[in-house]
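One structure is given below, encoded as structure tokens.
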Amino acid sequence: MSIELKNASFSYPGGFLANENLTLTIAPGERVAIVGQNGAGKTTCVKMMNGLHKPCDGDVLIDGENTRDFTAAHIARTVGYVFQNPDDQIFNQSVRKEIEYMPRYFKLPDEEIRRRVDRAVALTGLEKYMKKNPFDIPYPIRKFVTIAAVLATEPKYVIFDEPTAGQDKWGTEILEHLMDELEKDGIAVVTITHDMEFVARNFKRVVAMAHKNIIADGTAGEIFGNDAVVEESRILKPQLTILAESLGLPGQILTCEDLVTALTGLN
Amino acid sequence: MALIELQNVTYHYPYVKSAALQDISCTIEEGKFYGIIGENGGGKTSLCNLLRGLIPHFYQGKLEGKVTIAGTDVMEWDTGKLAAKIGYVFQNPFTQISGIKETVFEEIAMGLENLGVPKKEMVDEVLRVMKLLNIEELMEKNPNALSGGQRQRVAFASILAMNSDILVIDEPTSQLDPQGTQDVFEIIQMLKASGKTIILVEHKIDLIARYCDEVIVMQGGRIVKQGPTAEVLSSPELPELGAVAPQVSQFGHAMAAAGMPLDHIPITIEEAIELIQKQKGAAK
Ligand SMILES: Nc1ncnc2c1ncn2[C@@H]1O[C@H](COP(=O)(O)OP(=O)(O)OP(=O)(O)O)[C@@H](O)[C@H]1O
Ligand SMILES: Nc1ncnc2c1ncn2[C@@H]1O[C@H](COP(=O)(O)OP(=O)(O)O)[C@@H](O)[C@H]1O
Ligand SMILES: [Mg+2]
Ligand SMILES: [Mg+2]
């Protein structure tokens with residue numbers, strides 16, 4: 001039981017190869033960050049995980065089911081994907097309608113719909129936007145509308161495509177809290193992000209991509225400790241890791257807490 | 001010299017009861033690099049709209065106070081001339097792409113084409129900015145078949161090509177990889193060195209700390225703090241103002257809380273290294 005990419009490749013219509021021979025397993029309940037250069041193929045890769053893209057070579061299995069044999073709508077019940085650009089996902093005239101759409105489509109009882117919507121809204125902090133037209137609210141909040149819409153489908157695995165883009169302190173905190181709550185429920189979370197501080201704070205496992213390939217898969221410490229991977233995937237080490245390295249401090253320092261402990265512990 | 005001057009400006013978007021900008025006063029000086037930070041909904045984009053003259057020329061609504069751009073009241077500016085003088089990179093890279101051009105090359109050339117720039121000059125300029133932003137290999141691609149970060153680079157390139165004196169840039173790196181983000185800051189630094197005035201909205205505070213001359217913090221439609229970068233970013237009240245402090249400043253505050261305060265709160269890594277070494281030296 002897991003999401004498995006087995007030597008999966010994908011070409012866009014017109015022939016552009018965007019993913020080459022990807023092999024990757026996401027276990028239930030796991031939390032994984034995907035990082036890497038623009039155009040590396042991150043979005044393409046996660047779209048294969050939820051069946052929006054079918055591999056042109058190799059296989060993608062969702063809990064044993066080959067995505068080739070099922071529709072994207074069927075797979076989406078197990079693997080939820082939140083688009084990078086919220087405008088590609090939203091089509092309803094109000095935030096409430098957008099979030100209720102899938103539970104209604106599943107023909108769930110009213111009470112269950114209400115429970116799911118309430119929970120998704122509480123997790124994303126959207127209470128005061130429910131009546132608004134999604135296109136009238138600011139981009140970073142609109143992103144939370146798409147997140148809530150996917151959470152309301154209660155998938156076993158969720159994928160967030162750059163949820164940190166443009167978020168302020170409030171938005172980032174909401175995201176962090178939301179991931180913790182999903183973890184408690186045993187839901188796997190795959191997050192694509194360019195925010196390395198966010199990665200350092202929240203992820204143990206990190207997958208780095210560059211030029212159509214997965215070039216590394218390991219702990220945050222291993223990825224940020226590997227200069228060749230950092231360079232090739234065009235990421236950066238967290239600020240305080242750079243600081244600790246310049247000071248010649250031993251051990252893996254990723255966060256503020258790590259660094260203060262390392263320095264105050266010296267005395 | 002004061003290039004843009006805002007005096008007690010309050011602005012309401014049409015049919016909106018609360019003011020998006022409240023009692024804003026600030027001076028943008030020629031040749032400086034300003035960072036605008038703060039919480040979402042705080043008024044950063046609205047301030048950009050104002051500095052670029054889209055308020056009041058494009059957005060109607062109610063504008064009070066005085067806005068002067070290069071010595072002329074904003075109301076008296078011709079909108080075409082203003083557009084040529086101030087380049088504006090919009091917040092959402094997905095909307096800046098015109099959608100009417102078939103290739104990235106044509107997309108970037110569009111602004112110059114509209115200005116009637118001669119063909120040879122136009123081609124040279126487009127090639128130059130594509131090289132600068134590392135998107136040469138996208139030249140022939142359809143702008144609608146790009147990844148998020150590639151789109152944002154194309155949007156930025158189109159504005160760079162226009163070569164305006166003043167650049168208002170609203171979150172140009174939100175979709176960029178970390179190296180690409182640094183590259184954009186380097187490019188902006190170069191533009192500054194060539195005498196341009198830059199106003200940049202960004203959440204990436206560690207880079208604001210390294211590159212900006214001045215920082216403006218916005219919250220609830222007001223400027224709640226402004227001044228030289230080090231002074232604003234090392235301030236302990238930053239979180240209350242809805243902004244995030246640089247990682248090394250947070251570390252500085254945490255060292256103080258742990259009973260080992262540094263000499264002052266650093267805002268860059270270089271500064272932090274120096275302060276830690278100084279502290280170690282003093283302890284010996
Ligand atoms: N519809 C499309 N048609 C053709 N090529 C495409 C299409 N969408 C994406 N590509 C190309 O596929 C490659 C991978 O794109 P993808 O969107 O997966 O990148 P990404 O890693 O998500 O990048 P970013 O961090 O910029 O979002 C890029 O070179 C991009 O130009
Ligand atoms: N076109 C618009 N029409 C009406 N209200 C708007 C418009 N654009 C922004 N606002 C409102 O103005 C306020 C400031 O928003 P904005 O300038 O976008 O802030 P920021 O860029 O800091 O997120 C918010 O309350 C927002 O809802
Ligand atoms: Mg992407
Ligand atoms: Mg904005």
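Data overview
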{"read-out": "Residue list for the stretch B:225-237, restricted to those being under 18 Å from B:Leu200 (Cβ atoms) and buried (at least 19 other Cβ atoms within 10 Å of the Cβ)", "value": "B:Lys225, B:Thr229, B:Val232, B:Leu233"}
{"read-out": "Number of positions in the stretch B:1-28 that are exposed (fewer than 15 other Cβ atoms within 10 Å of the Cβ), over 21 Å from B:Val217 (Cβ atoms) and in contact (Cβ under 8 Å) with a residue 24 or more places away in the chain", "value": "3"}
{"read-out": "Boolean, B:Phe156 is under 24 Å from A:Asp88 (Cα atoms) and either under 12 Å from the mean Cα position of the chain (by Cα) or of a type in the set (Lys, Arg) (or both)", "value": "yes"}
{"read-out": "In the stretch B:138-156, the residues that are more than 9 Å from chain A (Cβ to nearest Cβ), more than 18 Å from B:Ile169 (Cβ to Cβ) and part of a helix (DSSP H, G or I)", "value": "B:Pro143, B:Asn144"}
{"read-out": "Residue count, the stretch B:222-256 (criterion: touching a Ser or Thr at 6+ places or on another chain (Cβ under 7 Å) and small (Gly, Ala, Ser))", "value": "2"}
{"read-out": "Any hit, the stretch A:146-163, residues being within 14 Å of chain B (Cβ to nearest Cβ) and either more than 16 Å from the chain's Cα centre (by Cα) or within 16 Å of ligand 2 (Cβ to nearest atom) (or both)", "value": "no"}
{"read-out": "Count of residues meeting criterion [over 16 Å from the mean Cα position of the chain (by Cα) and among the hydroxyl-bearing types (Ser, Thr, Tyr)] in the stretch B:217-248", "value": "2"}
{"read-out": "Meets criteria (under 17 Å from A:Lys169 (Cβ atoms), outside the structural domain of B:Glu39 (by TED's automatic domain parsing) and more than 17 Å from the chain's Cα centre (by Cα)) for B:Ala254", "value": "yes"}
{"read-out": "B:Glu121 being modelled with pLDDT of 95 or more and away from ligand 1 (no atom under 16 Å from the Cβ)", "value": "no"}
{"read-out": "Whichever residue in the stretch B:167-204 is within 16 Å of ligand 3 (Cβ to nearest atom) and among the β-branched types (Val, Ile, Thr) and, among such residues, is nearest to B:Ala155 (Cα to Cα)", "value": "B:Thr173"}
{"read-out": "Verdict on B:Ile100 being within 16 Å of ligand 3 (Cβ to nearest atom) and assigned by TED's automatic domain parsing to the domain that holds B:Val168", "value": "no"}
{"read-out": "Tabulated pairs, the stretch A:132-149, first on the phi < 0 side of the Ramachandran plot, second within 16 Å of ligand 3 (Cβ to nearest atom) and modelled with pLDDT under 90, C-beta under 7 angstrom, 6+ apart or interchain", "value": "A:Tyr139/B:Asn92"}
{"read-out": "Wholly within the stretch A:1-107, strands (runs of 3 or more DSSP E) carrying at least 3 residues that are within 14 Å of another protein chain (Cβ to nearest Cβ)", "value": "A:17-26, A:31-36"}
{"read-out": "Unique residue being among the aliphatic types (A, V, I, L, M) and within 16 Å of ligand 2 (Cβ to nearest atom) when the list is B:Ile36, B:Ile86", "value": "B:Ile36"}
{"read-out": "Residue under evaluation A:Met130, criteria (1) away from ligand 2 (no atom under 16 Å from the Cβ); (2) more than 14 Å from chain B (Cβ to nearest Cβ), criterion not met", "value": "(1)"}
{"read-out": "Test: residue in the stretch B:38-57 that is out of contact with any strand residue (DSSP E or B) (no Cβ under 8 Å at 6 or more places or on another chain) and crowded, with 21+ Cβ neighbours inside 10 Å", "value": "yes"}
{"read-out": "Some residue of the stretch B:274-284 being surrounded by fewer than 20 Cβ atoms within 10 Å (Cβ to Cβ), modelled with pLDDT under 95, in a loop (DSSP other than H, G, I, E, B) and more than 11 Å from chain A (Cβ to nearest Cβ)", "value": "yes"}
{"read-out": "Residue identified as over 25 Å from A:Glu173 (Cβ atoms), crowded, with 20+ Cβ neighbours inside 10 Å and under 24 Å from the mean Cα position of the chain (by Cα) among B:Glu214, B:Glu270", "value": "B:Glu214"}
{"read-out": "Scope the stretch B:93-118; condition modelled with pLDDT under 80 and closer than 12 Å to B:Arg153 by Cα; matching residues", "value": "B:Pro93, B:Phe94, B:Gln96, B:Ile97"}
{"read-out": "Single residue of A:Gly80, A:Gly64, A:Gly171 found to be more than 16 Å from ligand 1 (Cβ to nearest atom), touching a Pro at 6+ places or on another chain (Cβ under 6 Å), under 30 Å from A:Leu5 (Cα atoms) and small (Gly, Ala, Ser)", "value": "A:Gly80"}
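The values are calculated or read from the model by the stated rules, or taken from the named source; none is laboratory data. Quick caveat, the model's predicted, so the values are computed rather than measured. No Cβ is skipped: glycine too gets one built from the backbone with ideal geometry, and neighbour counts run over all protein chains shown.
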